[in-house]
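Asker: Okay, here's the structure, questions in a sec.
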Amino acid sequence: MTNRHEYRLSLGFPDLARSTGIEPDILLRAARSSDKNALAELMIDAYPGTVDFDDETIEDAINEIQAYLDGERGGVPLLQFSRLALREDTLLSACLVAEWEQRQQPIVAYIMTRANSKNQGVARYLLTSVLRLLQDAGRTSVGAVITEGNTASERLFMSLGFERVAG
């Protein structure tokens, strides 16, 4: 079984205003249920070669996104805070948020970036934007669960102030 670790961020973290320098090039918009197929395709592009990939097919990815939309992955989806990053008409990255009822806080259920857009600051810009939205809505904390060995996600979340929860 794969180990996963819980992370938490207390919102109000001042570094959320830090610019990445890519903003003019990227359009952010709220995620919608109708994005299911595009999100599944993004997942299939983003996950190969990572610890989170297990030879999933496009059908598996569609089912995974549907499970998120049905509240089975993290909790009730918070599409009003979830964001997609696009360049022209290409979906580069997605950050999907849910209401983590057990912890009484939102959780970043998924963050995924197209393979050819990784290491360009897109995920940082997207996640920072989502955290700002949550903070502006009066949310005081947000969580994440990261698969052990997913060093890219660990680095991203920790660089924004997330801390691993003991346990």
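The values are calculated or read from the model by the stated rules, or taken from the named source; none is laboratory data. Model, not experiment: these values are computed from the prediction. Counting neighbours? That spans all protein chains shown, and the Cβs are built from the backbone with ideal geometry, glycine included. Side chains are part of the model used for accessible areas, which takes the heavy atoms of the whole protein and leaves out ligands, DNA and RNA. Shrake-Rupley method; radii C 1.70, N 1.55, O 1.52, S 1.80 Å.
Asker: Which is open to solvent by less than 30 Å² (accessible area, probe 1.4 Å), farther than 20 Å from Ala166 by Cα and either at pLDDT below 95 or assigned to a strand (DSSP E or B) (or both), of Val97, Val142?
Answerer: Val97
Asker: Something else now. Just to be sure I understand, how many residues within the range 154-164 are open to solvent by less than 20 Å² (accessible area, probe 1.4 Å) and either under 21 Å from Leu27 (Cβ atoms) or not in a loop (DSSP other than H, G, I, E, B) (or both)?
Answerer: Matching residues across the range 154-164 total 1.
Asker: Would you point out the residue of the range 72-89, among those that are modelled with pLDDT under 95 and open to solvent by 30 Å² or more (accessible area, probe 1.4 Å), that is nearest to Tyr125 (Cα to Cα)?
Answerer: Among those residues, the one meeting the criterion is Arg87.
Asker: Condition first: open to solvent by 20 Å² or more (accessible area, probe 1.4 Å) and of a type in the set (Val, Ile, Thr). Now tell me which residues in the range 100-133 satisfy that.
Answerer: Matches in the range 100-133: Ile111 only.
Asker: Given the condition closer than 20 Å to Leu11 by Cα and touching a Lys or Arg at 6+ places or on another chain (Cβ under 8 Å), answer yes or no: does some residue in the range 73-90 qualify?
Answerer: Yes, the conditions are met somewhere in the range 73-90.
Asker: Please go through the range 89-106 and pick out each residue that is farther than 23 Å from Lys118 by Cα and not aromatic (Phe, Trp, Tyr).
Answerer: Across the range 89-106, the qualifying residues are Ala98, Glu99, Glu101, Gln102, Arg103, Gln104, Gln105, Pro106.
Asker: Could you please find all residues in the range 77-118 being touching a strand residue (DSSP E or B) at 6+ places or on another chain (Cβ under 7 Å) and of a type in the set (D, E, K, R)? Give the derivation first.
Answerer: Pass one, the range 77-118, residues touching a strand residue (DSSP E or B) at 6+ places or on another chain (Cβ under 7 Å): 77-86, 91-100, 103, 105-114, 117.
Listed by number, the residues that qualify are Arg83, Glu99, Arg103, Arg114.
Asker: Let me ask another. For Ala137, which of the numbered conditions (1) of a type in the set (Gly, Ala, Ser); (2) closer than 19 Å to Ile26 by Cβ; (3) touching a residue at least 40 places away in the same chain (Cβ under 8 Å); (4) open to solvent by 20 Å² or more (accessible area, probe 1.4 Å) fails to hold?
Answerer: For Ala137, the failing item is (2).
Asker: Can I ask one more? How about the range 73-87: which of its residues are within 12 Å of Glu101 (Cα to Cα) and part of a strand (DSSP E or B)?
Answerer: Once the filter is applied, which keeps residues that are within 12 Å of Glu101 (Cα to Cα) and part of a strand (DSSP E or B), the range 73-87 yields Val76, Pro77.
Asker: In this structure, does Thr57 turn out to be hydroxyl-bearing (Ser, Thr, Tyr) and either open to solvent by 70 Å² or more (accessible area, probe 1.4 Å) or under 16 Å from the mean Cα position of the chain (by Cα) (or both)?
Answerer: no
Asker: A further question on this structure: Could you list, in sequence order, the residues of the range 100-139 that are within 13 Å of the chain's Cα centre (by Cα), part of a strand (DSSP E or B) and of a type in the set (Phe, Trp, Tyr)?
Answerer: Across the range 100-139, the qualifying residue is only Tyr110.
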